[in-house]
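What follows draws every value from the coordinates through simple rules; no lab data is involved. Bear in mind that the values here come from a model prediction, so they are computed numbers and not experimental data. As a convention, Cβ positions derive from the backbone with ideal geometry for all residues, glycine included, and neighbour counts pool all protein chains shown.
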Amino acid sequence: MKRLGLPLLACTLLLCRAGAADPAPIVDVARDPAWRDLLGPLAPTRARESSFEERRYFPFRRDPILLTGEIRILPSRGLSLGYLTPEPRVLIADSKGLLLRDASGHDRALPDDARAQAATAALAGVLRFDLPELEKSFELRGRHDGAAWTLSLSARDRTLAGALGTLVLTGDRGRLLRIEMIRSASQRIEIRIGEPREDVTFSAETLDRFFR
């Protein structure tokens, strides 16, 4: 089976829909009452899991590559992306860094690609929704209409910006619905996130498989 490369988590809707207003700069997202109330609940304080579908669009392919999996977040253990198709594998992001685990449970080093590793680490950080930390790495722009919101993130570091492109997150109230990493008009990665299950209890087997 052809390898699909390092899993990259990313997705949402395109930056500017026709007729939509440009997202406005957000100077201090952690202190802005409107944004703090919308995004604050996204920072996990309890165990959380949800399914996801990831579509990778490339200029040389007519149809996107589809990957499916599950996101698990445990504040004390980090973040886990369990890919189910087309190839079972797990990407773990925690205080020790990044770890890739194959279907047999064997850990292996990530591909020796600094740009890809930086992009994956940044995307894992986005899912933690630590607002002050996000502002250290990204310039934020956004717009919201009631409970619906769109947030655009541009990496401050040029190398990371080149690896990530532009990240666009969309959600409703305290729920993240989609993330998109836009490299160009014909190349992007889009993820749709399912309904989150909050305050779940992971079995010992699940902890061993999806965390370290």
Inset, instruction - Run the quick spin-label model on ARG158 and LYS96: label points 7 Å from Cα toward the beta carbon, then report their separation in nm to one decimal. - result: 3.6
Legend entry - Mean Cβ neighbour count within 10 Å, used as a protection proxy, ranking 164-172, 59-67, 29-37, 84-92 highest first: 164-172, 84-92, 29-37, 59-67
Inset, instruction - Between beta-carbons, use under 12 Å as the cut-off and find the net charge around ASP63, counting Lys and Arg +1, Asp and Glu -1. - result: +4
Inset, instruction - Report, in cubic angstrom per residue, the convex hull volume of the C-alpha atoms of the stretch 106-166. - result: 106
Legend entry - Karplus-derived HN-Hα couplings along the stretch 56-73 (A = 6.51, B = -1.76, C = 1.60, θ = phi - 60°), whole Hz, x at Gly and Pro: 10, 9, 10, x, 9, 10, 6, 10, x, 7, 9, 10, 10, x, 9, 9, 10, 10
Legend entry - Among 44-56, 68-80, the order from most to least packed when residues are scored by Cβ within 10 Å on average: 68-80, 44-56
Legend entry - Assigned charges on the beta-carbon of Lys, Arg, Asp, Glu; the stretch 24-210 dipole about Cα centre (debye): 340
Inset, instruction - Of all alpha-carbon pairs in the stretch 24-210, indicate the percentage at a distance above 26 angstrom. - result: 30
Legend entry - For the stretch 32-125, size of Cβ-based charge dipole, Lys and Arg +1, Asp and Glu -1, in debye: 20
Legend entry - Kirkwood hydrodynamic radius of the stretch 40-88, Cα pairs, Å: 12.5
Legend entry - Residue among LEU176, HIS106, PRO41 farthest towards the positive dipole end of the stretch 24-210, charges placed on Cβ: LEU176
